[in-house]
Amino acid sequence: MSTTIDVPESSNVAKGKAVLVAPPRPGGWKKGVAIMDFILRLGAIAAALGAAATMGTSDQTLPFFTQFFQFEASYDSFTTFQFFVITMALVAGYLVLSLPFSIVAIIRPHAVGPRLFLIILDTVFLTLATASGASAAAIVYLAHNGNQDSNWLAICNQFGDFCAQTSGAVVSSFVAVVIFVFLIVMSALALRRS
């Protein structure tokens, strides 16, 4: 004993194919900006850590006549390089701690709070990274060229490996600075169109 129920179709329901693709949501580009923000933060972490590690391990010793009398060039011989290592490590630490906020911006692309927080702190750490990179660049320039007016001799003729490492660290720090600029501009554009 089975019972069947016939349900007639209404004539005012349109028959056709269902749309499989949802129409684009307004503001969907913000999620793409948030994903790019996360990827750029990972790149900036690598650049800042690379700069700090390269500068922190820069050391070269030259023997002079005997092994008891040696010339040494190390990052801790220059207070500017010490400042560079500390600040680039702080910048890398900040970038690691900012990753959860970047993930929140991916999950909630229309949230203003995390983006505003990141743009403010990104600006602060951009300033710190620029200051340390520029000061280290000035010392690296003096190491390569010297200054005849002050009787500072160029040391890169003797300490080639040391100068190559410090130059690489400065370049890496400026890569992090450029990435910070992109992060700030992207966040500003995403906030502007809220």
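Among the residues of the range 104-115, the ones that are assigned to a helix (DSSP H, G or I) and either on the phi > 0 side of the Ramachandran plot or surrounded by fewer than 14 Cβ atoms within 10 Å (Cβ to Cβ) (or both) come to 2 in all. In the range 145-158 there is at least one residue that is at pLDDT 85 or above and either exposed (fewer than 14 other Cβ atoms within 10 Å of the Cβ) or part of a helix (DSSP H, G or I) (or both).
The values are calculated or read from the model by the stated rules, or taken from the named source; none is laboratory data. Worth saying up front: this structure is predicted, and the values here are computed from it rather than measured. Cβ: placed from backbone, ideal geometry, glycine included. Neighbour counts: every protein chain shown.
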